[in-house]
């Protein structure tokens, strides 16, 4: 006898309660048509995740309850057991909960017991932890219910589930955001959980982009030995189905469906690229835009951003604009046009020389203004930002900014200039990874979507004659190494010097990072792909005299 379990990794939108109910019901129908007895939907599926301060609105929580009841009614005639995540208000307290729906009613609700409060998670701000485990039984199989963080601390979970033992299957409904390499961490974590409890683990993860976060799916079913028996696809919706032989202990699993492979063949660069594409697609679409606008400089950052946008939205929905001044070389102007042609996007040239001259003459009315310093260089970037935002306003195009993490970290950008826009696609991508991603774009296409000259050219902002990024910054290989330690690993000066890094470079980079927090606060959101991104992951004071 077999219990057929379906893991529905879906892509909801935060706050779209009716749309999320319809999405969940569609997947429940598909699962029941495939013969599934138990259908699992991800954590907070009905609300979308994370709903943030929507959770402080009582009427939002009440509407989520109505959405849950609607889903129960809509799936009543399908049969089977449906597990779905939602925010629950109970006796004035809010819980991160998993409802068990059966025969058109809410049979029981499990409340998440371990609330994460680190990195991008603020669950202690919103939720009260549940105190009781929940076990349901289907076809003689005892099923323990958990939600995301519950399984990330085995010592805590061991004690929490002690009253519920024995159980044969542990289900985890999750909304675990992506960063590079996290899938391997999850594999180890879930494998350890299965071995520890000597049971099968069915893990259902959210998929899709939500503001700065991307959820990568990769739901899985793991046997009691810790081996992955079935895995959902990465970065797209999927329905993963597994048959569980109820006559054996430990349970024996047979995966079904075309996406039942236990292998995940995405390497680090490939999975980052997929995350950037999905994050861009969902941010644009979920916020009501269909087309985007990019300032194409002929440099690698804007070229990569354009390639991601094309893969996310289609070439017909991407518009490139190059805005040369007298400081731009023929080569970069030509490469901007070549990039647009290779990607098949609409392309326009708007020279800014005459506008720059008018601004300069106007500003000369103020004593002390001249065209020989950084302010004049930044004026060019601000003119370009104004042009892009004006076109955005007139044409309804979302401006994608093109700054990378290395530049964002040290403030190598112009406030209200190249930072102006609606979404920062590569905000969390270090400059050295930008190069690797650009080569990946071409390798996948078997052609130069991004011209080789763009990839190999010495980086330059081209705001003054013969300018190079290295005039103002350490070489990017060194800079990214310092930034990885200081920003992503919270290492201090002594830690970095112990790695053999140059003291003057370390002190300079630390100072730049700390002094430019005010700029980062005013930049648009961007996709998180590293373990610690600027924004929710890393929250530092703007006024800050500590240099460590």
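The values are calculated or read from the model by the stated rules, or taken from the named source; none is laboratory data. Model, not experiment: these values are computed from the prediction. Don't worry about glycine lacking a Cβ; one is built from the backbone with ideal geometry, like all the others, and counts go over all protein chains shown.
Take segment 445-459 and flag every residue that is in a helix (DSSP H, G or I), farther than 20 Å from residue 478 by Cβ and in contact (Cβ under 8 Å) with a residue 60 or more places away in the chain. Spell out the reasoning first.
The first filter runs over segment 445-459 and keeps only residues in a helix (DSSP H, G or I), leaving 445, 452-456.
Adding the requirement that they be farther than 20 Å from residue 478 by Cβ leaves 445, 452-454.
Once the filter is applied, which keeps residues that are in a helix (DSSP H, G or I), farther than 20 Å from residue 478 by Cβ and in contact (Cβ under 8 Å) with a residue 60 or more places away in the chain, segment 445-459 yields 453, 454.
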**Prompt:** Tell me, which residue of segment 36-59 that is touching a strand residue (DSSP E or B) at 6+ places or on another chain (Cβ under 8 Å) and free of Cβ contacts under 8 Å to residues at least 60 places away in the same chain is farthest from residue 245 (Cα to Cα)?
**Reply:** 58
**Residues (touching a strand residue (DSSP E or B) at 6+ places or on another chain (Cβ under 6 Å) and loosely packed, with under 14 Cβ neighbours inside 10 Å) located in segment 132-173** = 139
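Conditions tested, residue by residue: (1) out of contact with any strand residue (DSSP E or B) (no Cβ under 7 Å at 6 or more places or on another chain); (2) modelled with pLDDT of 95 or more; (3) assigned by TED's automatic domain parsing to the domain that holds residue 311.
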{"residue": "207", "(1), (2), (3)": "no, yes, no"}
{"residue": "210", "(1), (2), (3)": "yes, yes, no"}
{"residue": "213", "(1), (2), (3)": "no, yes, no"}
{"residue": "217", "(1), (2), (3)": "no, yes, no"}
{"residue": "230", "(1), (2), (3)": "no, no, no"}
**Message:** Among the numbered criteria (1) under 21 Å from the mean Cα position of the chain (by Cα); (2) touching a residue at least 60 places away in the same chain (Cβ under 8 Å), which one does residue 169 miss?
**Reply:** (1)
**Message:** If I ask for residues that are surrounded by fewer than 22 Cβ atoms within 10 Å (Cβ to Cβ), touching a helix residue (DSSP H, G or I) at 6+ places or on another chain (Cβ under 8 Å) and not in a helix (DSSP H, G or I), which ones from segment 280-298 would you list?
**Reply:** 290, 291
**Item:** Matching option when the condition is under 23 Å from residue 427 (Cα atoms) and either outside the structural domain of residue 282 (by TED's automatic domain parsing) or surrounded by 19 or more Cβ atoms within 10 Å (Cβ to Cβ) (or both), among 546, 486
**Value:** 486
**Prompt:** If you take just the helices (runs of 4 or more DSSP H) that sit entirely in segment 350-438, which of them hold at least 3 residues that are in contact with a strand residue (DSSP E or B) (Cβ under 9 Å, 6 or more places away or on another chain)?
**Reply:** 374-395, 405-410
**Request:** Considering only segment 197-213, state which residues are in contact with a helix residue (DSSP H, G or I) (Cβ under 7 Å, 6 or more places away or on another chain) and closer than 13 Å to residue 183 by Cα.
**Result:** 203
**Message:** Residue under question is residue 473, and the condition is that it be more than 24 Å from residue 273 (Cα to Cα) and buried (at least 19 other Cβ atoms within 10 Å of the Cβ); does it hold?
**Reply:** yes
**Message:** Within segment 444-453, does at least one residue satisfy the condition of being in the same structural domain as residue 297 (by TED's automatic domain parsing) and more than 30 Å from residue 271 (Cβ to Cβ)?
**Reply:** no
**Complete:** Note on segment 311-337: residues touching a helix residue (DSSP H, G or I) at 6+ places or on another chain (Cβ under 8 Å) and farther than 21 Å from residue 425 by Cα are 324, 325, 326, 327, 331
**Item:** Condition check for residue 48: crowded, with 19+ Cβ neighbours inside 10 Å, on the phi > 0 side of the Ramachandran plot and not in a helix (DSSP H, G or I)
**Value:** yes
